[in-house]
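A quick write-up on the structure given underneath.
The values are calculated or read from the model by the stated rules, or taken from the named source; none is laboratory data. Quick caveat: nothing in here was measured; it's all calculated off a predicted structure. Cβ: placed from backbone, ideal geometry, glycine included. Neighbour counts: every protein chain shown. We work out accessible area using only protein heavy atoms, side chains counted, and drop any ligands, DNA or RNA first. Shrake-Rupley method; radii C 1.70, N 1.55, O 1.52, S 1.80 Å.
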Amino acid sequence: MFIFDFEFVISNLIKLETVDSTNRYCGRMDLPNVSEFTTVWALRQTDGVGQRGNHWFSEAGANLTFSVVLHPVFLTPARQFELTKAISLGVSDWLISLIGDYTRSADSEVSIKWPNDVFVGGRKICGILIENRIGVRYETAICGIGLNVNQTVFGAGAPNATSLKAITGREYGLARQLQGVIECLQRRYDVLLAAGGSGSQQLDGDYLNRLLNLGVERRYIYKGSVISATITGLSPWGHLLLTTDDGSRLQCAMKEIAFLHDE
Ligand code: BTN
């Protein structure tokens, strides 16, 4: 039996001990009638879903695994990456505020690996899986977030993982952390909402400032081959822009490029 450590002020919170996946749980809801920022939080997922069809492993009761339902109807489907920016910035804002006392410069330590992994000091602390429901317009986004909090031993499948506790040595109350992250997400989402359909220059600038490897030559796997290239920015639709060492310009969708794990 897990104990929820904190009395909540988040409205629309569904707290579960065990579920297959919080994203799937949201997907089974009557989404058009689910209010904005409804949050489904589980202490244990038996079948957590990650990017690219991977499984998301997370030690039961040690980390945050939750999904937030949003209705970004003000964005056209083509601009859905604006939401990715807001969500990854919100999570990284919370981390910067927490680990600032433990690192020389939390701002440079916390980065976003395109499109939306959050890293601290080159190690992954948070994975984000945004699943969109798009009809004639952008209707609903299920924003699934797996944030490593108190887990310190990671399996062979996650050689590059870290957690808050691994960084600071402290044990964290999960509910308190959840509330902090949600508040940061709300702040970034409000900026997006205020900017409307064209996106926000503030979010664009902050996202680029935190983008891992921006302006630095690194090796990537592009369409099956290893290339040396420098990330130069993003297209208006969120594609990654790179210049290769022979001067070619690339515009990559998510499945076309992979980062090499050792870089
Ligand atoms: C990634 O592969 O990096 C994305 C991982 C996303 C995991 C979270 S945990 C909460 C939510 N529910 C899921 O099944 N997946 C997301």
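Things worth noting here:
- Applying the set (1) out of contact with any helix residue (DSSP H, G or I) (no Cβ under 7 Å at 6 or more places or on another chain); (2) loosely packed, with under 15 Cβ neighbours inside 10 Å to residue 197 leaves exactly one unmet item: (1).
Table: residues versus (1) outside any loop (DSSP other than H, G, I, E, B); (2) open to solvent by 40 Å² or more (accessible area, probe 1.4 Å); (3) farther than 15 Å from residue 52 by Cβ; (4) in contact (Cβ under 8 Å) with a residue 24 or more places away in the chain.
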{"site": "221", "(1), (2), (3), (4)": "yes, yes, no, yes"}
{"site": "233", "(1), (2), (3), (4)": "yes, no, yes, yes"}
{"site": "238", "(1), (2), (3), (4)": "no, no, yes, yes"}
{"site": "255", "(1), (2), (3), (4)": "yes, yes, no, yes"}
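- Among the residues listed as 247, 196, the single one being out of contact with any Gly (no Cβ under 8 Å at 6 or more places or on another chain), assigned to a loop (DSSP other than H, G, I, E, B) and either farther than 29 Å from residue 19 by Cα or modelled with pLDDT under 95 (or both): 247
- Taken as a whole, the condition of being open to solvent by 10 Å² or more (accessible area, probe 1.4 Å) and assigned to a strand (DSSP E or B) does not apply to residue 98.
- Residue in segment 28-51 that is surrounded by the most Cβ atoms within 10 Å (Cβ to Cβ), counting only those that are of a type in the set (Asp, Glu) and more than 14 Å from residue 144 (Cα to Cα): 36
- Condition check for residue 88: among the hydroxyl-bearing types (Ser, Thr, Tyr) and within 16 Å of the ligand (Cβ to nearest atom): yes
- Sole exception among (1) without any contact (Cβ under 8 Å) to a residue 40 or more places away in the chain; (2) closer than 17 Å to residue 98 by Cα for residue 119, by number: (1)
- Residues satisfying the stated conditions in segment 52-64, i.e. near the ligand (Cβ under 8 Å from one of its atoms) and surrounded by fewer than 15 Cβ atoms within 10 Å (Cβ to Cβ): 52, 54
- Picking from residues in segment 84-110 that are at pLDDT 95 or above and hydroxyl-bearing (Ser, Thr, Tyr), the one that is nearest to the chain's Cα centre (by Cα) is 88.
- Any hit, segment 96-110, residues being closer than 23 Å to residue 234 by Cα and touching a Gly at 6+ places or on another chain (Cβ under 8 Å): yes
- Any hit, segment 79-91, residues being touching a Lys or Arg at 6+ places or on another chain (Cβ under 9 Å) and farther than 25 Å from residue 259 by Cβ: no
- Subset of segment 65-83 (residues that are surrounded by fewer than 24 Cβ atoms within 10 Å (Cβ to Cβ), modelled with pLDDT of 95 or more and either hydroxyl-bearing (Ser, Thr, Tyr) or within 13 Å of the ligand (Cβ to nearest atom) (or both)): 69
- For segment 204-219, residues that are within 22 Å of residue 87 (Cα to Cα), open to solvent by 30 Å² or more (accessible area, probe 1.4 Å) and assigned to a loop (DSSP other than H, G, I, E, B) total 1.
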